[in-house]
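Just so it is clear, none of the values below were taken in a lab; they were calculated from the coordinates. Bear in mind the structure is a predicted one, so any value in this text is a computation, not a measurement. Note that each Cβ is placed from the backbone with ideal geometry, even for glycine, and that neighbours are counted across all protein chains shown.
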Amino acid sequence: MSTAIGSSAVPAGRVLALTGGVGGAKLARGLAGVLKKQQLTIAANTADDFDYWGLRICPDLDSVMYALADLNDDQRGWGVKDETWRTLIAMRRLGGDEWFQIGDQDAATHIFRTQMLASGASLAEVTGKLCRGLGIAAILLPMTESRVATRVKTDRGDLEFQEYFVRDQCEPAVRGLSFDGIDSARLHPDIVELLESDNLSAIVICPSNPFVSIDPILSLPRCRELLKAAKAPVIAVSPIIAGRAVKGPAAKMMRELAMPATATAVAHYYGDLLDGYVLDELDAEHAEDVAALGLEVCVAPTVMTSVASKVSLAEIVLDFAAGISLRN
Ligand code: GDP
């Protein structure tokens, strides 16, 4: 086990981060602060994507984009800072849907995306253009160009993901999850190329919800085998700290899915995919159990509340990966 002290190892090769929205976006922002331009590729979950107000909404891509551009609202935990809500108020006046809240600046993102998709651009092209517009140097990719949609089986029936997550505020008890369209979907070819490349130094599974943010990516055909065959170590950062999620339903879902809500259970869930696991310092007593799973363990402060804490965790994760590479 290593207890992280932090240094500033910028690896020689490229880094791939797998992420959902808010939690993952924080570490993605940290990695972007450490790595050189274009050294970082972020593959984001798109199984939460949906249509609303006639617009294509990609919540995880947007959370990552706003975080990378330092435009994210840290207080609210989602969306753009200094946001205004005139469009939403006008929509309410017209009797339109308002259960999913779209701010005025955020609306521009969705209109831009919807328009470009309608004119034939791919989601990766649109995302690249949005990132350039926001001055983002890292490469942000959707996990796939195919349409995949998470469905949540609950004690109140089958729900679409955003109905469960936003409209019903994660209150229904989860009985199971499925990803419509996953079998015929393809991991984005640029992600496949990176996973097969000799120039990959680390693969980081960000502290995102394992079931609804990371699982859709891992469930894409060939994804797990490509991760296992990749030359770089696969490191995950626990999204569970002292039995709780920092934000969102991950711990509640674990209990509902008959799993202990612990950091170790997440490591166990990812299984033999991982080479290393980062536990929060509040979970140091789990280190032995995680090591017993055959993983290298790093104990570190993982709560990211500022850009400095995001960058510091990113440095720790990259150092940890470099140490694993050296030993293997
Ligand atoms: P979503 O798609 O917006 O739900 O976001 P993610 O799936 O990327 O992130 C949700 C997960 O991030 C939750 O399980 C949180 O516990 C975790 N999370 C959020 N902030 C932090 C943090 O600062 N540190 C760690 N370790 N986990 C975090």
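With the simple spin-label model, which puts each label point 7 Å out from Cα in the Cβ direction, the Tyr52 to Arg93 separation comes to 2.2 nm.
Taking 0.36 nm per residue of separation and subtracting the current Cα-Cα distance, fully stretching the chain between Asp155 and Lys81 would add 23.1 nm. Between the Cα long axis of helix 104-118 and the first principal axis of the chain there is an angle of about 90°, rounded to the nearest 10.
Helix 59-68 and the longest principal axis of the Cα set of the chain meet at an angle near 70°.
Normalised by 2.2 N^0.38 Å, where N is the number of residues, the alpha-carbon radius of gyration of the chain equals 0.95.
With N the number of residues in segment 128-200, Rg(Cα) / (2.2 N^0.38 Å) evaluates to 1.49. Sorting the segments 244-250, 260-266 by their residues' average number of neighbouring beta-carbon atoms within 10 angstrom, most packed first, yields 260-266, 244-250.
Return the Rg/Rh value of segment 1-151, two decimal places, where both radii are evaluated on C-alpha atoms and Rh is the Kirkwood radius.
Working: Rg = 16.5 Å, Rh = 16.4 Å.
Rg divided by Rh gives 1.01.
Based on the Stokes-Einstein relation at 25 °C and a viscosity of 0.890 mPa s, and on the Kirkwood radius from alpha carbon pairs, segment 63-164 is assigned a translational diffusion coefficient of 157 µm²/s. Distance between the pseudo-spin-label points of Ala137 and Asn199 (7 Å out from Cα toward the beta carbon): 1.6 nm. Other residues with beta-carbon under 11 Å from the beta-carbon of Val34 carry, at +1 per Lys or Arg and -1 per Asp or Glu, a net charge of +1. For the chain, the share of DSSP beta bridges that are antiparallel, to the nearest 5, is 40%.
Pairs exceeding 18 Å between alpha-carbon atoms, taken from Lys153/Lys252; Lys153/Lys228; Lys81/Lys129; Lys37/Lys228: Lys153/Lys228; Lys81/Lys129; Lys37/Lys228.
Determine the shape class of segment 80-139: with a ≥ b ≥ c the square roots of the Cα gyration tensor eigenvalues, call it rounded for a/c under 1.5, and otherwise prolate if a/b is greater than b/c, oblate otherwise. Please report the intermediate quantities before stating the final value.
Details: a/c = 3.41, a/b = 1.69, b/c = 2.02.
Oblate, since a/c reaches 1.5 and b/c is not below a/b.
If you run the Gaussian network model on the chain, springs between alpha carbon atoms under 10 Å, then out of Asp168, Asp49, Asp60 the most flexible one is Asp168.
Taken over the Cα atoms of segment 154-301, the convex hull encloses 113 Å³ per residue. The calculated 222 nm mean residue ellipticity attributable to helices in the chain amounts to -10500 deg cm²/dmol, summing -39500 (n - 2.57) over DSSP H runs of n ≥ 4 and dividing by all residues. Residues whose amide H lies under 5 Å from that of Ile205, counting only those 5 or more places away or on a different chain, are Leu18, Ile235, Ala236, Val237; hydrogens are built 1.01 Å from N in the peptide plane. Against the chain, whose longest principal axis is taken from its Cα atoms, helix 307-327 shows a tilt of about 40°.
First select every other residue whose beta carbon is under 9 angstrom from the beta carbon of Thr262; then total the charges, Lys and Arg +1, Asp and Glu -1. Can you show the working numbers first?
Values: positive: none; negative: Asp283, Asp289.
Around Thr262, the surrounding residues sum to -2.
Mean-square fluctuations from a GNM of the chain, with a 10 angstrom spring cutoff on Cα atoms, peak among Met65, Met143, Met304 at Met304.
Here's the picture: a label point sits 7 Å out from the Cα of Asp73 along the beta-carbon direction, and within segment 96-114 the residues with their amide nitrogen under 17 Å of it are 98-110.
Short version: what are the Cα gyration tensor semi-axes of segment 171-257, square root of 5 times each eigenvalue, largest first, in whole Å? Show your work: numbers first, answer last.
On the way: eigenvalues 144, 62, 13 Å².
The three semi-axes for segment 171-257 are 27, 18, 8 Å.
Within segment 59-110, the percentage of alpha carbon pairs spaced more than 18 angstrom apart rounds to 29%.
With K and R counted +1 and D and E -1, the other residues having a Cβ less than 12 Å from that of Arg156 yield a net charge of -2.
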